[in-house]
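Novice: Encoded as structure tokens, here's the structure I'll be asking about.
Bear in mind these aren't lab numbers, they're just calculated from the coordinates by the rules spelled out. On a predicted model such as this, the values are computed, not experimentally measured, just so you know. When we count neighbours, we look across all protein chains shown, and the Cβ atoms used for this are built from the backbone with ideal geometry, even at glycine.
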Amino acid sequence: MRASFRLGRIVGVPVGVNWSVLVIFALIWWGLSANLFPRSYPGRSGVAYLLAGLAAAVVFFLGLLAHEVSHAVVAKRNGLGVEGIMLWLFGGVAQLRGEARDPGAELRIAGVGPLVSLIIGVFFGAIAMLLGLAGVHGLLLGAMAWLAGINLLLAIFNILPAAPLDGGRLLRAAVWKATGDRTRGSVVAARAGWIFGVVLIGFGLWRFLTGAGVGGLWLALIGWFLIGAATLEERQARMGSALRGLRVAEVMTPQPQTASGEMTVADFVDNYLFAYRHTALPLTEDGRPVGLVTLDRVRGVPSDQRASTTLEAVACRAGDLVLASPDEQLTDLLPRLSECADGRALVVAEGNLVGIVSPSDISRAVQRSHLRDQVAGR
Ligand SMILES: [Zn+2]
């Protein structure tokens, strides 16, 4: 899931929005102004309902953003990089780079988000209570009460002990702390996420069939998403454990053959292709990487245009390249790899290309690690 547009930066972290968040925004706005508010506070004008619904929905998303920003800030304090924050269909996500180095850091990073939602919920609850005591009853009180409820719900839902929810990370931290085994913690949390997803689907479908309407289907959809995310987390945890401790330099294919971006596709096919054993070709300029051509991209050029098309024109551009340093932990590089369509990273030292990491390099490293474990009788 990629950001469709950027909102800017908060505490140095880019904040993006995926278009799918507009669906949720519209649903909430509509639900409040066409349903909840007119039912609870009848007799106001349509514009008043629309404005109150809009204001409540905007503040709700600001609260969601505050939740994610708190994850990002604490992650940074604990030495992790933060790729960005994104709001999308299922709320918000802070995309962290690398892994927490100990259970305590994991607990702080995961726990702060629900804590912030809880504080926001209590804050609006207190305002609603004061308004009620002061005799102010109406849309303002209704909006405050709704914001209090929804933020408390957000805090509670997020601490359910199931990956990929914050509570899943707390469970992972607890198991990790108790057993000293990070991978076991991840696997337990992922399994719990899987079970929770199945329960949500069952419950949502049951609600739908007994007349709860779209809300039931929505729960089922969230359950479906949780199962997918939990499955992926378990796979990544197992892969991470096989690759932990390895540096990029130990896995990369060193000194790959390179070409100049000005070479034509025809020239490449005639003079390089058959001598070339890899499926990706870095383009360099004075040793610096400027692009990456894959055989798939070359194959996509019609044969009558090959003489007039340069490699540069079909390459993955410099801005889209995934770069790594030789000393970097491979497990830190993995989450970045999946973002690039080509699944490859170029390894750069002092500005110069020194290697390339491809999916086959990584699967070879995983196999070697399993073999080593077998030999060691583990
Ligand atoms: Zn969170």
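Novice: So how much slack lies between Glu350 and Thr210, counting 0.36 nm per residue of separation and subtracting their Cα-Cα distance, in nm?
Specialist: Working: separation 140, 0.36 × 140 = 50.40 nm, distance 6.38 nm.
Length difference between fully extended and current span is 44.0 nm.
Novice: Using a basic spin-label model with each label point 7 Å from the Cα along Cα→Cβ, how many nm lie between Gln255 and Ala275?
Specialist: 1.5 nm
Novice: In addition: What FRET efficiency comes out for Val23 versus Ser45 if R0 is 25 angstrom and r is the Cβ-Cβ distance? Round to the nearest 0.05.
Specialist: Details: r = 27 Å, r/R0 = 1.07.
So the FRET efficiency works out to roughly 0.40.
Novice: Something else now. Strictly greater than 27 Å: what percent of every Cα pair in the chain meets that?
Specialist: Details: 42636 of 71253 pairs.
Here the long-distance tail beyond 27 Å is 60 percent of all Cα pairs in the chain.
Novice: With a ≥ b ≥ c the root eigenvalues of the C-alpha gyration tensor of segment 91-223, is it rounded (a/c under 1.5), prolate (a/b larger than b/c) or oblate?
Specialist: oblate
Novice: For the pair Asp304 and Val122, how long in nm is the line joining their label points, each one 7 Å along Cα→Cβ?
Specialist: For Asp304 paired with Val122, the spin-label model returns 7.3 nm.
Novice: What is the order of His370, His67, fewest Cβ neighbours within 10 Å to most?
Specialist: Ordered by Cβ neighbours within 10 Å, fewest first: His370, His67.
Novice: So if each residue of separation counts as 0.36 nm, and I subtract the Cα-Cα distance between Arg77 and Leu89, what length gain in nm does that give?
Specialist: 1.5 nm
Novice: With θ taken as phi - 60° and the coefficients 6.51, -1.76 and 1.60, list the Karplus ³J(HN,Hα) couplings across segment 210-216 in order, rounded to whole Hz; mark glycine and proline as x.
Specialist: 9, x, 7, x, 4, x, x
Novice: Of Asp327, Asp342, Asp166, how do they rank once you tally other Cβ atoms within 10 Å and put the fewest first?
Specialist: Asp327, Asp342, Asp166
Novice: Compute the separation of the alpha-carbon centres of segment 281-317 and segment 140-188 and state it in Å as a whole number.
Specialist: 46 Å
Novice: Related question: What is the extension gain from Ser360 to Arg372, computed as 0.36 nm multiplied by their sequence separation minus the C-alpha to C-alpha distance, in nm to one decimal?
Specialist: 2.5 nm
Novice: Okay, moving on. Can you tell me the 0 to 90 degree angle between the C-alpha axis of helix 359-375 and the longest principal axis of the chain, rounded to 10?
Specialist: For 359-375 against the chain, the angle is about 90 degrees.
Novice: Determine the calculated [θ] at 222 nm for the chain from helices alone, applying -39500 (n - 2.57) to every DSSP H run no shorter than 4 residues and normalising by the residue count; nearest 500 deg cm²/dmol.
Specialist: Calculated at 222 nm, the ellipticity per residue is -18500 deg cm²/dmol.
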